Amino acid sequence: VVTVRGACTAESTNMGLAGADISMFFHALPPGVSGTVKGAFGAGSGSMSMAQQVQAAITRRAPLLIIDEDRAAPNLLVKSCLQKEEITPLSEILFHNRTKMGDTALVFAACAMDTLIARADRIMVLDQHEASAIDTGEFRRMLAASLRKTADGLQ
């Protein structure tokens with residue numbers, strides 16, 4: 001149970017954008033959305049609405065932002081080899097410019113977003129209902145080995 005006054009969540013929802021600032025993640029607007037990345041209008045995709053929620057939480061200086069992988073827009077979290085440059089995912093923001101998060105702490109519940117988890121300051125693992133910490137360096141080494149194995153299998 002998290003009891004932090006002002007905590008926020010962000011999730012992928014399709015909603016209308018009414019002047020939404022999505023500039024932290026988006027560098028251009030897709031067809032069908034008008035305005036600018038600092039003030040977008042129209043039918044927002046799941047990733048655009050989630051981007052707006054994250055930016056709103058940071059602007060409000062929320063002490064805690066909670067994101068659940070199951071309810072999130074994957075392209076807003078990690079980069080895909082098919083993804084275009086118009087979107088900077090959260091994993092890249094955390095790696096290259098963590099200060100964009102301000103004082104907002106991020107709690108991310110995930111099991112498959114390894115490249116985002118690798119950017120974490122602290123990693124907790126829940127295994128068979130028991131929580132334990134895992135060393136970030138060890139996790140990054142495990143991830144590198146896993147990615148090498150996957151890449152080798154593609155050849």
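Listing for the model above:
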quantity: Residue within region 101-108 that is open to solvent by 40 Å² or more (accessible area, probe 1.4 Å) and touching a residue at least 60 places away in the same chain (Cβ under 8 Å) present; calculated: yes
quantity: Residue within region 60-68 that is in a loop (DSSP other than H, G, I, E, B), among the hydrophobic types (A, V, I, L, M, F, W, C), in contact with a His (Cβ under 8 Å, 6 or more places away or on another chain) and surrounded by 16 or more Cβ atoms within 10 Å (Cβ to Cβ) present; calculated: no
quantity: Residue list for region 116-155, filter: within 17 Å of K79 (Cβ to Cβ) and of a type outside the set (V, I, T); calculated: L116, A118, R119, A120, R140, L143, A144, S146, L147, A151
quantity: L76, sole failed condition from (1) under 29 Å from C111 (Cβ atoms); (2) in a strand (DSSP E or B); (3) not β-branched (V, I, T); calculated: (2)
quantity: Selection status of A131, open to solvent by 50 Å² or more (accessible area, probe 1.4 Å), aliphatic (A, V, I, L, M), more than 14 Å from C8 (Cβ to Cβ) and outside any loop (DSSP other than H, G, I, E, B); calculated: yes
quantity: Counted residues, region 71-87 - those being over 20 Å from D121 (Cα atoms) and open to solvent by 20 Å² or more (accessible area, probe 1.4 Å); calculated: 11
quantity: Residue list for region 136-148, filter: surrounded by 10 or more Cβ atoms within 10 Å (Cβ to Cβ) and over 23 Å from D103 (Cα atoms); calculated: E138, F139, R140, R141, M142, L143, A144, A145, S146, L147, R148
quantity: Sole exception among (1) touching a residue at least 12 places away in the same chain (Cβ under 8 Å); (2) over 27 Å from G6 (Cβ atoms); (3) in a loop (DSSP other than H, G, I, E, B); (4) open to solvent by less than 60 Å² (accessible area, probe 1.4 Å) for A120, by number; calculated: (2)
quantity: Region 1-47, residues that are hydroxyl-bearing (S, T, Y), in a loop (DSSP other than H, G, I, E, B) and open to solvent by less than 40 Å² (accessible area, probe 1.4 Å); calculated: S23
quantity: Matching residues in region 81-117 - criterion: being farther than 20 Å from M142 by Cα and part of a loop (DSSP other than H, G, I, E, B); calculated: C81, L82, Q83, K84, E85, E86, T88, P89, N97, G102, D103, T104
quantity: Scope region 1-26; condition in contact with a helix residue (DSSP H, G or I) (Cβ under 7 Å, 6 or more places away or on another chain) and not aromatic (F, W, Y); matching residues; calculated: C8, A10, E11, S12, T13, N14, M15, L17, A20, D21, I22, M24
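The values are calculated or read from the model by the stated rules, or taken from the named source; none is laboratory data. Quick caveat: nothing in here was measured; it's all calculated off a predicted structure. Ideal geometry is used to build each Cβ from the backbone, glycine not excepted, and the neighbour counts take in all protein chains shown. Note: areas computed on protein heavy atoms with side chains; ligands, DNA, RNA excluded. Shrake-Rupley method; radii C 1.70, N 1.55, O 1.52, S 1.80 Å.
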